[in-house]
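All remarks here apply to the structure that follows.
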Amino acid sequence: MQKILCTVAEAASMLNCSTSKIYKLINRGNLPYAKNGKVILLHIDDINAYARSAASNYKSPCIN
């Protein structure tokens, strides 16, 4: 059985960023979430969609 929800720490690991960055994305409305008591859970598909969106917006520096 594949996992469909993950914690903030797991999402940070998946996106190779800090947990504070994940909290900022949540607070800005960039990552939807659910709460189970005090635990914030994120759907794997939402994390993957954010990663694809961020990658498509990436502009590589000019190399001369």
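The values are calculated or read from the model by the stated rules, or taken from the named source; none is laboratory data. Values in this document were obtained by computation on a predicted structure and should not be read as measured data. All Cβ positions, glycine included, derive from the backbone under ideal geometry; neighbour counts span all protein chains shown.
Selection of segment 35-64 for residues being closer than 25 Å to Met1 by Cβ and either modelled with pLDDT under 80 or acidic (Asp, Glu) (or both) yields Asp45, Asp46. Quick one: in segment 11-23, which of the residues that are in contact (Cβ under 8 Å) with a residue 12 or more places away in the chain and of a type outside the set (Ser, Thr, Tyr) is nearest to Tyr50 (Cα to Cα)? Within segment 11-23, the match that is nearest to Tyr50 (Cα to Cα) is Leu15. When segment 1-12 is filtered for residues that are out of contact with any strand residue (DSSP E or B) (no Cβ under 7 Å at 6 or more places or on another chain) and at pLDDT 95 or above, the ones remaining, listed by number, are Ala9, Glu10, Ala12.
Select from segment 20-55 the residues that are surrounded by 13 or more Cβ atoms within 10 Å (Cβ to Cβ), out of contact with any helix residue (DSSP H, G or I) (no Cβ under 7 Å at 6 or more places or on another chain) and not in a helix (DSSP H, G or I) and list them in ascending order. Leu41, His43 - these are the residues of segment 20-55 that are surrounded by 13 or more Cβ atoms within 10 Å (Cβ to Cβ), out of contact with any helix residue (DSSP H, G or I) (no Cβ under 7 Å at 6 or more places or on another chain) and not in a helix (DSSP H, G or I). Beta carbons closer than 8 Å, at least 6 apart along the sequence or on distinct chains, pair a first residue in segment 28-50 that is farther than 15 Å from Glu10 by Cα with a second that is outside any strand (DSSP E or B) and modelled with pLDDT under 95 for Asn30/Tyr50.
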